[in-house]
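The values are calculated or read from the model by the stated rules, or taken from the named source; none is laboratory data. Treat the numbers as computed from the prediction; the structure is a model and nothing was measured. Heads up, the Cβs are rebuilt from the backbone with ideal geometry, glycines too, and the neighbour counts pull from every protein chain shown. Just so you know, the surface numbers come from the protein's heavy atoms only, side chains and all, with ligands and any DNA or RNA stripped out. Shrake-Rupley method; radii C 1.70, N 1.55, O 1.52, S 1.80 Å.
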Amino acid sequence: MEVIQIPLNDLIKPIPNIRTRTFFIVNDRLDTEVLRKALDDLIRNHWRKLAARVVRGAKNGQLEYHLPKAFADDYVLFKWSSEDTDRPIDKVVSSLKRPVATDGIAFLPPMRDVDSHFRPADWPFEQKDDPPNSPNLYVHVRTFTDSTVITISWLHVFGDQLGLANMVKAWLGVVEGKEPPPLVGHDEQVLPHAKEVSDYPEEKQRRKGRMRVKRPFENFFVILGFIPEFVFQPKEDDYTVFFPLSIIESLRERWSKELTKKYGADPGLSDADIITAILTKFSRMYDKSPRTISLSQTVNLRGRIPQLQAPTRDGFLHNALIYATARFRYDHSMPLGEIAYLNRKAVKESLEPDDIELGLAIAREMVRRGQVMHTCEPFEKSYSVTNWCGAWKGVDFGAAATKDSVAEGKESRNVEMLILGQSGELKTPHRFHSTVMCKADGGYWVDFSTSVQGMNAVREYVKKDPELTNL
């Protein structure tokens, strides 16, 4: 048995307990057996580490990988299941009816509805629910007459969504007969780790409003600041929100011009900055009081550090994330563009080489001290956004299309696809975090939650201002 230590940057709470659930909804019938055999080949003969078990080490109690030197006949590489439904998908799952982008912002059924249709009921929801000797990877394929849904659950310690995308690309490459890229980071730390927090001056270690190591009992006062909201607005309302691309592009163009005039240079706003600003506004719409907010966003390091340039990054599965945070005083009069600008500025700062190393060092120290990833100052508020869109570039299940599907004249490549999912713990309130899941059907799909009162306020606002011109 090979024992592989898990890098500390993969173990920051709550990552070790999370099973990320991702749903690839493909507009074509795929060959289930071809997919199963290719995944078996990928893991058995190439990326063996995917079949490792995550267990708690006997010496220090820290999670580690246990990987057999050879797979026994009864060793489960991954949990696989499939089912075939002899009906079109929209006749079975009406909630997946695609919105029309020209109809404006749409509030669609929440992710728990998608989850209930496509995630098998016996799957563990979190790592703590895993039966003994559970594999990392769970895959369920459900085919319909016109489409296929591939549901994947995998442990977050194995990787982020860009890591999952690398796994899926390698898997589909095997379908096409291609050799997968070499797996990077089998038993070594790939991310920069030469410096520790103690190598930095005190002011950098304790940087206010940024990811940092907290003092004893500090997190208690952070949590205390959120209690009144849960007392007076205890219930949450969840939706999948569809933002048409035309609205996002119009807002980005408008605010780029206005911010260029104000600051004398193009701020370089992205669609993600605009969406983050909208979600921040939505999340505070019920609250009339000014607040100081820490607005955080995950930032991917692939392609941004020497260790993870192409083609090396294509074989890296594990978490390669840091966190950018903008801290500012917020009230309803704050322009949307200003929030987008502050978010973009925070992302740029977080990608400075020294800031990357500091952020990774802080994450490792937080693991040693058992601290949770949550950037917020005592008695203030926080909001965070995760964007998965960049992960899905190049993911195409077309090579696995059934022969009869291709014979009907459908293209075997560039199959249209919608990707949805969630990554988090059940006990964590959802109202302080959103995920931009994908870009499809002429818009962005976002997993969004807020209090019931807050969602009512959001819906009323969108009715009055469907283009969000006054947000």
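Odds and ends about this structure:
- Spacing of the modelled spin labels on Val92 and Asn133, each 7 Å from Cα toward Cβ, amounts to 3.2 nm.
- Counted residue by residue at 0.36 nm each, then reduced by the alpha carbon distance between them, the extension gain from Asp354 to Glu188 reaches 57.6 nm.
- For segment 12-28 versus segment 249-273, the gap between their alpha-carbon centres in whole angstrom: 32
- For Thr450, the residues whose amide H sits under 5 Å from its own are Asp237, ignoring neighbours fewer than 5 places away on the same chain, with H placed 1.01 Å from N.
- Label zone (Val3, point 7 Å along Cα-to-C-beta; backbone nitrogen cut-off 15 Å) within segment 29-72: 53-69.
- When only alpha carbons are used to place a centre, segment 56-91 and segment 411-471 end up 30 Å from one another.
- Distant-in-sequence amide H partners of Ile6 (H built 1.01 Å from N, under 5 Å): Tyr65
- In terms of the mean number of neighbouring beta-carbon atoms within 10 Å, the peptides 108-117, 459-468 order highest first as 108-117, 459-468.
- Rounded accessible area per residue of segment 283-371, 1.4 Å, Å²: 38
- Other-chain or far-sequence residues with amide H under 5 Å of Ser384's (modelled H): Ser296, His433, Ser434
- Principal axis extents of the C-alpha atoms in the chain (largest first, rounded to whole Å): 61, 55, 44.
- Karplus-derived 3J(HN,Hα), 6.51/-1.76/1.60, for each residue of segment 264-270, Hz, glycine and proline x: x, 7, 5, x, x, 4, 10
- DSSP-defined antiparallel bridges as percent of all bridges, the chain, nearest 5: 75
- Inter-probe distance in nm under a simple model that places probes 7 Å from Cα toward Cβ, at Asn60 and Asp74: 3.4
- Summary value for the chain: 25 percent relative contact order, contacts being C-alpha pairs under 8 angstrom separated by 6+ residues.
- When Rg and the Kirkwood Rh are both derived from Cα coordinates, the Rg/Rh ratio for segment 108-199 amounts to 1.05.
- Carbon/sulfur fraction of accessible area - segment 2-464, other protein chains in place, 1.4 Å, %: 51
- For the pair Tyr263 and Asp41, the difference between a 0.36 nm per residue extended length and the Cα-Cα distance amounts to 74.5 nm.
- For the chain, hydrophobic long helices are taken as DSSP H runs at least 15 Å long by C-alpha position along their axis with mean Kyte-Doolittle hydropathy of -1.0 or more; these are 32-45, 161-175, 245-263, 271-283, 336-350, 353-368, 452-464.
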